[in-house]
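Inspection log for the structure reproduced underneath, given as structure tokens.
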Amino acid sequence: MKKFLLSTATMLLAATAVLAQPQQPAAQAGPKPKSQKEVDALQKVQQATNPEERIKAIDNVLESFADTEYKPILLQMAVESARQANDYPKVLVYGDRALQVDPKSYTAMLAMASATVQNTKEFDLDKDEKLAKVQKYANGAIEELKNAQSPNPQITAPQWDQEKKQLTAEAYADLGAVGILQKKYDVAINNYKSAADLYPNPVILVRMANAYNEAKQPDNAIAAADKVLAQADAPPQVKQFAQQEKARAEKAKTPAK
């Protein structure tokens, strides 16, 4: 199944909006470049056309301008870029650096939680340690998002409220995945329910159907799968998984001959 990545594009757009106006008036709040060379380096970050190129440009700014006021923004952009590139080690590296600069960075916490749980297998020797980190990051993001302020004044209050719901749902979905790996299916179901209540994304619903099947609750699995199949805009691959979970549940309900 494709990874479940709710967009943190709002934060990324906010960051690039700042970089797009590097020469701010002195009285204006927010980070400011200290030289034309820093402006040029920041613009290369903005002009990057792919995650790898963006990370390289970000590294250049951080290495060349150690005192840059854009460090928190750049590190969050690096985390998201590494995530887009499916580079798990770099997500952790930049995530750690982002949290050192801003311990309340829910974007870093979310990226690290998702990347870690997606790269944890049932028989990993360090599975328990990795899942404990996922729980720490996901729960931390949920807590920080409760009172998080919009990173961009151009985002309306309703838009920001919806974005926070989606991001919080991602954290709950990661906790649901932890429950599956721990074979604590009641925990998984409760977390997927919390996620779906905030954001009924078809991927969340498919995972919920899977959790119900693992918990031997075929009727609930069918109900969750049907919600996906009823969504006209659900991706075909996700609908295929929903159909598989539904078939599995129906088979479980059929008396053995």
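A short reminder: the numbers here are calculations on the coordinates, not readings from a lab. Since the structure is predicted, the reported quantities are computational estimates derived from the model, not experimental observations. Quick reminder, even Gly has a Cβ in these numbers, built from the backbone with ideal geometry, and neighbours come from all protein chains shown.
Some observations on this one:
- Of the trypsin sites (Lys or Arg not before Pro) found in the range 133-180, those that fall in a DSSP loop while having at most 15 other beta-carbon atoms within 10 Å are LYS146.
- Formal net charge of residues neighbouring LEU131 (Cβ-Cβ distance under 14 Å; K, R +1; D, E -1): +1
- Gyration tensor verdict on the range 200-257 (Cα atoms; rounded if a/c is under 1.5, prolate if a/b is larger than b/c, oblate otherwise): prolate
- Rounded tilt (10° steps) of 9-19 against the dominant C-alpha axis of the chain: 0 degrees
- Linear extension gain, ASP186 paired with ASP126, 0.36 nm per residue minus alpha-carbon span: 19.3 nm
- Rounded to the nearest 10 degrees, the angle from helix 185-198 to the longest Cα principal axis of the chain is 60 degrees.
- Debye, to nearest 20: dipole size of the chain, +1 on Lys, Arg Cβ, -1 on Asp, Glu Cβ: 680 debye
- Using θ = phi - 60° and Karplus 6.51 cos²θ - 1.76 cosθ + 1.60, couplings along the range 248-253 (whole Hz; Gly, Pro as x): 4, 5, 5, 5, 5, 7
- For GLU214, the shell of other residues with beta-carbons less than 13 Å away shows a net charge of +2, using +1 for Lys and Arg and -1 for Asp and Glu.
- Eligible aspartates and glutamates near LYS165 by straight Cα distance, threshold 16 Å, same-chain separation 8 or greater: GLU143, GLU144, ASP174, ASP197
- Its residues counted as N, the range 155-243 yields a C-alpha radius of gyration over 2.2 N^0.38 Å of 1.09.
- With both labels modelled 7 Å from their Cα along Cα-to-Cβ, the ASP40 to GLU53 distance reads 1.9 nm.
- The distance between label points at GLN231 and ASP197 comes to 1.8 nm (points 7 Å beyond Cα on the Cα→Cβ vector).
- In a DSSP loop and with at most 15 other Cβ atoms within 10 Å, the trypsin sites (Lys or Arg not before Pro) in the range 82-123 are LYS104, LYS121.
- Helix axis angle, 218-229 relative to the chain longest principal axis, alpha carbon, degrees: 50 degrees
- Dipole-positive endmost among GLN36, ILE155, LEU167 within the chain (Cβ charges, Cα centre): LEU167
- 3J(HN,Hα) along the range 161-169: 4, 5, 4, 5, 4, 5, 5, 5, 4 Hz, from the Karplus curve 6.51 cos²θ - 1.76 cosθ + 1.60 with θ = phi - 60°, whole Hz, x for Gly and Pro.
- Proximal charge balance of LYS56 [Cβ under 11 Å; K/R count +1, D/E count -1]: -2
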